[in-house]
Amino acid sequence: MNAIQHYLQKHGFEAFTPKAVLFDMDGVLFDSMPYHARSWAQVCQASGLDMSEEEAYMHEGRTGAATINILARRLWHRDATEQEIEAIYREKCRLFNACPEAPKMPGAEAVLQRVKQAGLTIAVVTGSGQKSLLDRLFSNYPGYFTPELIISSRDVKHGKPHPEPYLMALERLGLAPWEAVVIENAPLGVQAAVAARVFTIAVNTGPLPPQVLLEAGADSLFPSMDALAQALAQF
Ligand code: MG
């Protein structure tokens, strides 16, 4: 059975008719995850919330507040206060902004181009609230994005792996789940998209074993955005 048939059967849908592609941002459009992981590890060490860079990849997609609370419950046996969350997340953003500028993800522009040529609408659904990167969507990828179709951590109550960010994107677009495709690189992002019942393409652009993306429920898996662009060129 191919991936689309399997997707339709899994959700009991009759047709798959994509009209929009919902892009995750970090690790999909920007090769920013190494800097995020390093910034998280640094700020956590300084705040007594030990987290390795490797673990940071497993939290990718959560809002900053949710990540901080998980660590606080584990290490401090309580929730972090709003002030603690704000201070830690502000410092994490400062460290991230002090890193070299995260490059565009190789292959991402080719994917965007093919999606646009196919007449599909483009949206961004990110757990990030990192203004520096959100602003760069427009300058680095001119002509692809509109502000109303960028859903960030500021728009949602529940971040990934909750389906809310992807459900909100579908609502803004006026589309049913079978009318969209998600492109995600992180296990929690894949879980969020699958919970929103959208066909989910995982691209493994980081250090995690590919199996974790399939276990998270991805409908299709590519080793890179370049490989996805090449596959799309054949349609
Ligand atoms: Mg990501």
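FYI, it's all coordinate maths here, none of it is from the lab. From a predicted model like this one, the values you see are computed outputs, not experimental measurements. All Cβ positions, glycine included, derive from the backbone under ideal geometry; neighbour counts span all protein chains shown.
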- Query: Restricting to the range 47-72, what's the tally of residues that are in a loop (DSSP other than H, G, I, E, B) and within 12 Å of the ligand (Cβ to nearest atom)?
  - Reply: 3
- Residue by residue through the range 186-207, note down the ones that are over 18 Å from A66 (Cβ atoms) and surrounded by 21 or more Cβ atoms within 10 Å (Cβ to Cβ). V194, V198, F199, T200, I201, A202, V203, N204, T205
- Message: Name the residue that is farthest from the ligand (Cβ to nearest atom), counting only residues in the range 1-15 that are surrounded by fewer than 12 Cβ atoms within 10 Å (Cβ to Cβ) and more than 18 Å from L221 (Cβ to Cβ).
- Response: E14
- Message: Yes or no: the range 16-39 includes at least one residue that is farther than 25 Å from P147 by Cα, away from the ligand (no atom under 16 Å from the Cβ) and assigned to a helix (DSSP H, G or I).
- Response: no
- Query: Quick one: which of C44, C93 is within 21 Å of the chain's Cα centre (by Cα) and part of a helix (DSSP H, G or I)?
  - Reply: C93
- Item | Residue among Y141, Y89 that is in contact (Cβ under 8 Å) with a residue 60 or more places away in the chain and of a type outside the set (V, I, T) | Y141
- Task: Would you mind telling me which numbered condition in (1) surrounded by 14 or more Cβ atoms within 10 Å (Cβ to Cβ); (2) away from the ligand (no atom under 15 Å from the Cβ) G129 fails?
- Result: (2)
- Inspect the range 188-203 for any residue being of a type in the set (S, T, N, Q), within 16 Å of the ligand (Cβ to nearest atom) and in a loop (DSSP other than H, G, I, E, B) and give the result as yes or no. no
- Query: L221 fails exactly one of the following numbered conditions: (1) more than 14 Å from the chain's Cα centre (by Cα); (2) crowded, with 24+ Cβ neighbours inside 10 Å; (3) within 16 Å of the ligand (Cβ to nearest atom). What is the number of that condition?
  - Reply: (2)
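Can you confirm whether R136 is within 16 Å of the ligand (Cβ to nearest atom) and out of contact with any helix residue (DSSP H, G or I) (no Cβ under 8 Å at 6 or more places or on another chain)?
On the way: within 16 Å of the ligand (Cβ to nearest atom): yes; out of contact with any helix residue (DSSP H, G or I) (no Cβ under 8 Å at 6 or more places or on another chain): yes.
Yes, satisfied.
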- Item | Unique residue being within 16 Å of the ligand (Cβ to nearest atom) and surrounded by fewer than 19 Cβ atoms within 10 Å (Cβ to Cβ) when the list is P210, P147 | P210
- Message: Quick test of your reading of the structure: A102 fulfils all but one of (1) within 14 Å of the ligand (Cβ to nearest atom); (2) within 20 Å of A216 (Cβ to Cβ); (3) in contact with a strand residue (DSSP E or B) (Cβ under 8 Å, 6 or more places away or on another chain). Name the failing condition by number.
- Response: (2)
- Taking E82 as meeting all but one of (1) within 16 Å of the ligand (Cβ to nearest atom); (2) farther than 19 Å from V181 by Cβ, write down the number of the exception. (1)
